[in-house]
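The values are calculated or read from the model by the stated rules, or taken from the named source; none is laboratory data. Remember, predicted model here, so these are calculated numbers, not experimental data. Using ideal geometry, Cβ is built from the backbone for each residue, glycine included, and neighbour counts are taken over all protein chains shown. Quick note on the areas: whole protein, heavy atoms, side chains included, nothing else; ligands and nucleic acids left out. Shrake-Rupley method; radii C 1.70, N 1.55, O 1.52, S 1.80 Å.
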Amino acid sequence: MPTAVRRRVVDPVWQATRPGRPCRVPGVVLAGMRDRGPAPVDHRLDPHPVLTLALACGEAALGIDEPTGRRHRGSLVTGLGFGVGGAARVRAANVEWMQVRLSPAVARAVLGVGPAELESSVVALDDLWGERRAARLRERLAMAASWEERFALVESLLARLSATGPAIEPELAWAWDRIVAGHGQVRVEALADELGWSRKRLWSRFHAQLGMAPKRAVNLVRFDRAATRLAVGQEAARVAADCGYADQSHLHRDVVAFTGVTPATVAGQSLIAAADMPWVDHVPRLSDRRAQDDGRRLTADGSRPTAHGSRLTAHGSRLTAHGSRPTLTANS
């Protein structure tokens, strides 16, 4: 295996547009996507530590093909960790769509079902919201005169849903944010100790409400950060050390397990412009505090939660996160 992974310059497939300000709904990041053409889009879809809504904004629709041969078109939802193994494909032509990245901590409120019910799967939005409601949103997005109008429309809808939908336990929202803010370099035992819970209690509640076991979540978040760094051209040895892998071989095995390809294949294959990656592929947290409008540096609280009603508040030290990849604009 090579000791370094070099970046290869690849023309971006997707043109990304971001809102003029962060979304006011905690745990949500919005981005507008348009394929650059002229060739049809066809690339691998990698797993990510978010649930993603792909909202159609016109007649042309994004498509996802599963390794089983099942094909999905239109407004879609991908579950937490969907795409493990690298066999799922994103296919499209002359399409505009909105990428809505959801923290699993807010997914039930927004989607009407919990992350556990959508784990490693892709479903049509019609099946979750009903055909009439999903069609109405698609029509309104298609009629909107600008991306800003679309962002405002979706933000308003998500604000209503998140305000009235069921919330997860604040301790679990805090635990998820800690894993993400720590880039997956968090010990599950330490999370349980800080919460005053047993490991068994944390495992059962975390899995039931967030859709995967805590250790699996830690591994997925760590992989996501490592793959991002490979995609922007960092050397594999440095990525392995910075992301908490035992050595470069450990990184290699993890990348292959999650994507089906080697780190050398991942390197340099980002399908959006590098300048857009920190925003488009940011992993949202309920405790996000945007310090800069350019989205290049993101800060989050890292302390234990305190519950007020059903909502989470957090105070304490600040952690810094960098780098990310797109969900449905994953590497090919």
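Looking at the stretch 227-257, which of its residues are in contact with a Phe, Trp or Tyr (Cβ under 6 Å, 6 or more places away or on another chain) and either of a type in the set (S, T, N, Q) or open to solvent by less than 10 Å² (accessible area, probe 1.4 Å) (or both)?
If the condition is that a residue be in contact with a Phe, Trp or Tyr (Cβ under 6 Å, 6 or more places away or on another chain) and either of a type in the set (S, T, N, Q) or open to solvent by less than 10 Å² (accessible area, probe 1.4 Å) (or both), then L251 is the only one that fits.
Please state which of the following conditions T164 fails to meet, knowing it meets all the rest: (1) over 22 Å from the mean Cα position of the chain (by Cα); (2) surrounded by fewer than 16 Cβ atoms within 10 Å (Cβ to Cβ); (3) over 20 Å from L286 (Cα atoms).
Going through (1) over 22 Å from the mean Cα position of the chain (by Cα); (2) surrounded by fewer than 16 Cβ atoms within 10 Å (Cβ to Cβ); (3) over 20 Å from L286 (Cα atoms) one by one, T164 breaks only (3).
Here is a list of conditions, (1) at pLDDT below 95; (2) hydrophobic (A, V, I, L, M, F, W, C); (3) under 21 Å from M212 (Cα atoms), and A4 meets all of them except one; can you say which number that is?
Every condition holds for A4 apart from (3).
Filter the stretch 117-131 for residues that are among the aliphatic types (A, V, I, L, M) and either surrounded by fewer than 18 Cβ atoms within 10 Å (Cβ to Cβ) or not in a helix (DSSP H, G or I) (or both) and give the result.
Once the filter is applied, which keeps residues that are among the aliphatic types (A, V, I, L, M) and either surrounded by fewer than 18 Cβ atoms within 10 Å (Cβ to Cβ) or not in a helix (DSSP H, G or I) (or both), the stretch 117-131 yields V122, V123, A124.
In the stretch 64-113, what residues are closer than 22 Å to D35 by Cα and either without any contact (Cβ under 8 Å) to a residue 40 or more places away in the chain or small (G, A, S) (or both)?
Scanning the stretch 64-113 gives D65, R71, R73, G74, S75, G83, G86, A87, A88, A92, A93.
Is it fair to say A142 is in contact (Cβ under 8 Å) with a residue 60 or more places away in the chain, of a type outside the set (K, R), under 28 Å from P38 (Cα atoms) and part of a helix (DSSP H, G or I)?
yes
Can you tell me which residue is farthest from T265 (Cα to Cα) among those in the stretch 35-57 that are in a strand (DSSP E or B), open to solvent by less than 20 Å² (accessible area, probe 1.4 Å) and among the charged types (D, E, K, R)?
Selected residue: D35.
Give me the pairs, please: first residue somewhere in the stretch 209-227 and without any contact (Cβ under 8 Å) to a residue 60 or more places away in the chain and of a type outside the set (D, E, K, R), second residue anywhere and open to solvent by 10 Å² or more (accessible area, probe 1.4 Å) and outside any helix (DSSP H, G or I), beta-carbon distance under 7 Å, and either six or more positions apart or on two chains.
Here the result reads V218/V186, each pair linking the stretch 209-227 to a residue that is open to solvent by 10 Å² or more (accessible area, probe 1.4 Å) and outside any helix (DSSP H, G or I).
Does R150 satisfy being open to solvent by 30 Å² or more (accessible area, probe 1.4 Å), at pLDDT 95 or above and out of contact with any Pro (no Cβ under 6 Å at 6 or more places or on another chain)?
Here the answer is no, as R150 does not meet what is asked.
Residues being at pLDDT below 95 and in a loop (DSSP other than H, G, I, E, B): count how many of those fall in the stretch 58-77.
Final tally of qualifying residues: 11.
Among what's in the stretch 279-305 and is open to solvent by less than 30 Å² (accessible area, probe 1.4 Å) and under 18 Å from P12 (Cβ atoms), pick the residue that is modelled with the lowest pLDDT.
Top of the filtered list is G295.
Which number in (1) open to solvent by less than 10 Å² (accessible area, probe 1.4 Å); (2) under 28 Å from D254 (Cα atoms) marks the one condition that V95 misses?
(2)
Restricted to the stretch 189-226, and to residues that are part of a helix (DSSP H, G or I) and more than 21 Å from P115 (Cβ to Cβ), which residue is most open to solvent (accessible area, probe 1.4 Å)?
Checked the stretch 189-226; the qualifying residue most open to solvent (accessible area, probe 1.4 Å) is D193.
Starting from the stretch 21-34, keep only residues that are surrounded by 20 or more Cβ atoms within 10 Å (Cβ to Cβ), then list their pairs with residues that are among the β-branched types (V, I, T) whose Cβ atoms are within a distance under 6 Å, requiring at least 6 positions of separation or different chains.
Every condition considered, the pairs that remain are G27/V106; L30/V100; A31/V280; G32/T17.
Identify all residues within the stretch 171-185 that are open to solvent by less than 10 Å² (accessible area, probe 1.4 Å) and more than 17 Å from L195 (Cα to Cα); write none if there are none.
Matches in the stretch 171-185: G184 only.
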